[in-house]
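Single-structure report; data block below.
The values are calculated or read from the model by the stated rules, or taken from the named source; none is laboratory data. As the structure is a prediction and not an experimental result, all values here were calculated from the model. All Cβ positions, glycine included, derive from the backbone under ideal geometry; neighbour counts span all protein chains shown. Areas reflect the complete protein model, heavy atoms only, side chains present, ligands, DNA and RNA absent. Shrake-Rupley method; radii C 1.70, N 1.55, O 1.52, S 1.80 Å.
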Amino acid sequence: MLKTVNRVLLALLGLGLFALGGGVLLGALDLQRHWDFDVPGWWPFRGPDDVVLGAWGRTRWREEDWWWPTVIAVLAVLLALLLWWLLAQRRHRLDRVLVDSEDGAPARLDGRTLERVIEEEAQALDGVSRAHVRLTGRRTAPTARVRLLLEPHADPAPTLGRLSRETLAHARDSAGLDRLPSKVRLREARHRAERTA
């Protein structure tokens, strides 16, 4: 999903910059006069003397009370969206894990499948109510982010030990990885208080 969003955003940004650059170039080189074609009436760059943003465009809204708060709000929202997008790049989910197949060519292992296998094995551990696994990092060096929801009676230390020794070790060995660094978050399931008469 993240790859698709990135490609769409980059394509839209590229098209916008291409259109703006082409428009400025048409006007700056006076190509419509040299090549004898007309540009639409709304086209802002008609000749070499035209500028991208004239004095009237720069000073048009300065005296309005709403202008500066609107500019600041739009820039703040844009900055927040850019920061969110930047952070989303770092925590992207691995769709493939590259495994050394020992014949010279790396094999590709589906990341979602590996996540599901780790989840199922983790949920089979005693005291684990629910497990969620996400693989991040590089394709050649994945990192597992594991969240476990523990039953109220579960002891976290033995559960964490079995997860490390059994579940994650099985995943590492079956994928042929040298190491599988993991970050585990444990949370206890809430349960309703029982009434006694």
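With just the Cα atoms of the chain, tell me how far they stretch along each of the three principal axes, in Å, largest first.
Taking the Cα atoms of the chain, the three principal extents are 83, 64, 21 Å.
Compute the projected area of the convex hull of the Cα atoms of region 1-67, averaged over all viewing directions, and report it in nm² to one decimal place. Mind showing how you got there, number by number?
Numbers: hull surface 29.2 nm².
For region 1-67, averaging the hull's shadow over all directions gives 7.3 nm².
Determine the share of the chain's accessible area contributed by carbon and sulfur atoms, expressed in whole percent, with a 1.4 angstrom probe. If you can, show how the numbers build up before the last one.
Details: 8730 of 15110 Å².
The value for the chain is 58 percent carbon and sulfur by accessible area.
Can you work out the accessible area per residue across region 1-147, with the rest of the protein chains kept in place, probe 1.4 Å, in square angstrom?
On the way: 11110 Å² over 147 residues.
Dividing the accessible area of region 1-147 by its residue count gives 76 Å².
I need the calculated FRET efficiency for the pair residue 9 and residue 62, taking r as the beta carbon distance and R₀ as 35 Å, to the nearest 0.05. Don't jump to the answer; show the numbers that get you there.
Working: r = 32 Å, r/R0 = 0.90.
According to the calculation, E is roughly 0.65.
Rounded to whole Å, give me the distance from the Cα center of region 103-119 to that of region 2-16.
Using only Cα atoms, the two centres lie 28 Å from each other.
Count neighbours as other Cβ atoms within 10 Å of each site's Cβ, and list the GluC sites (Glu not before Pro) in region 114-197 that are DSSP loop with at most 15 such neighbours.
Sites meeting the loop and neighbour criteria: 194.
Once you mark the trypsin sites (Lys or Arg not before Pro) that are in a DSSP loop and have at most 10 other Cβ atoms within 10 Å, what is the longest gap between them in the chain? Intermediate results must be reported in sequence, preceding the final value.
Details: sites that count: 62, 138, 179, 190, 192, 195.
Counting at most 10 other Cβ atoms within 10 Å as exposed, the longest clean stretch of the chain is 63-137.
What chymotrypsin sites (Phe, Trp or Tyr not before Pro) does region 20-61 have in DSSP loop regions with at most 13 other beta carbons within 10 Å?
Numbers: sites: 35, 37, 42, 45, 56, 61; in loops: 35, 37, 42, 45, 61.
Hits after loop and neighbour filter: 35, 37, 42, 61.
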